[in-house]
1. Which three extents, in whole angstrom, do the alpha-carbon atoms of the stretch 8-113 cover along their principal axes, largest first?
2. Peptides 222-228, 251-257: what's the order by average Cβ count within 10 Å, highest mean first?
3. So how do 8-17, 124-133, 42-51 stack up, highest first, on mean other-Cβ count within 10 Å?
4. Which of the peptides 79-87, 100-108, 32-40, 145-153 is most tightly packed, and how do the rest follow, going by the mean number of other Cβ atoms within 10 Å of each residue?
5. Compute the distance in nm between two label points, each set 7 Å from the Cα along the Cα-to-Cβ direction, one at residue 82 and one at residue 224.
6. By how many nm would the segment from residue 263 to residue 45 lengthen if fully extended, with 0.36 nm per residue of separation less the alpha-carbon distance?
7. Testing the spin-label approximation: label points 7 Å from Cα along Cα→Cβ at residue 140 and residue 254. State their distance in nm.
8. What list of ³J(HN,Hα) values in whole Hz, one per residue of the stretch 241-258 in order, does the Karplus curve 6.51 cos²θ - 1.76 cosθ + 1.60 (θ = phi - 60°) give from phi, with Gly and Pro shown as x?
Amino acid sequence: MFRVVTDRGLKQYLDEISQYKILTKEEEFALAKQARESDDPEIKKKIICANLRIVVFIAKKFQDDRLTLSELINAGNEGLIHAADKFDERKGYRFNTYSVWWIKRAIYEAISAQKGIVRKSFLARRIQTQTKKFIQRNGREPTTEELAKLLNTDASAIALALTELIPPYSLDETFEDSENPYIESVRIDIQGSDNLISPPPDEIFKKKIQKEKLQSALSKIGTREREVLERNFGLGEYEPHTLEEISRIMNITRERVRQIKENALRKLKIVILRQKI
C-alpha cells in the first residue's frame, strides 16, 4: 500500500506525510464505518495516511545503532496498516489510540529480529524466580532495569519476555490510554480529538489473554481500584473511559484517578505473579 522509506528518501517522505490532513474524530469514525461496510482499501488508506506521523514520532523513540530511523518507520507502518485492518470505530476510541500498540509491537519485532534477543520462554522463567526473590527481599516488585541487572541482560529483552508472563488485556477491548503495570520504560499517551501526542515515562506492552484470568486477579484488589481499572480498560459492564472521564464520574481529580490506577496495577501485578509462581 505504501512505498518503502529509504535513508536517502527520508526527508522527502517526512515532507510528504506532513501534508496529510489530521482527521477529526467525526471524520475518522465516518471513514472507518465506510471502510468496514464497503471493504474499500482506498477509504482505509485515508485513515492510515492521516496517522503516518504517529509512526515517525514513535519510531524516533526507538532509535539506536541497530536499525535506522527509516527501517523503524517501515516496521511501524506495517503495524499501522494491521491496526487499520482491525479497527472498529463502534468501540468508541480513536484510531491513533488503538494503533499505538500495533505500531510498537511491529517495531519491537523488527528490533528483536535484528538483535537476536534471548529465547523468551527460558528468560521468562528466570524472571519469575528473580521477581519472587526480589519481592521477598524488598517488599515491592522490581523495575525492568533492576531485573535486567539481576539477569545480566538488557532491558528490551526483559520487556519482551514480560509479555509472556503477565496477561494483559484483550486487544479487541483495551483502551490504550494507560500505564502498563509490568513494564516501566516509555509510554506513548495519545489523547483526545486534537491528536495530541505526549510521551510520559513508561512503555505499554499488551498481549491477548483470557478475560476470566484477569477478572480473577481483579477480584483480589480493592473495590475502588478495581472500578478504576475496569472503567479505563472497558472491562466487565463498562465501556472504555479515559482518566479524565473517570475523574468526572467518580468526582475526584484526574491525578487522584491516576494514583489509584497506578497502585491498583502494582497490586494486580503482584497477584498475577503469585498465581504464576
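All of the numbers you see were taken from the coordinates with simple rules; none came from a lab. In this text the structure is predicted, and so the values were computed from the model without any measurement. Cβ atoms come from the backbone with ideal geometry, glycine included; neighbour counts cover every protein chain shown.
1. The Cα atoms of the stretch 8-113 stretch 42, 27, 20 Å along the principal axes, largest first.
2. Working: 222-228: 17.1, 251-257: 13.4.
Top of the packing list down: 222-228, 251-257.
3. Numbers: 8-17: 12.9, 124-133: 16.6, 42-51: 19.3.
Put in order of decreasing packing, that is 42-51, 124-133, 8-17.
4. Values: 79-87: 18.9, 100-108: 23.9, 32-40: 14.3, 145-153: 15.9.
Top to bottom by mean Cβ count within 10 Å: 100-108, 79-87, 145-153, 32-40.
5. Inter-label distance under the simple model: 3.9 nm.
6. Working: separation 218, 0.36 × 218 = 78.48 nm, distance 4.01 nm.
Result for the pair: 74.5 nm of gain on full extension.
7. Reported label-point gap for residue 140 and residue 254 is 2.6 nm.
8. 10, 7, 4, 4, 5, 5, 4, 6, 5, 8, 6, 9, 6, 4, 4, 5, 4, 4
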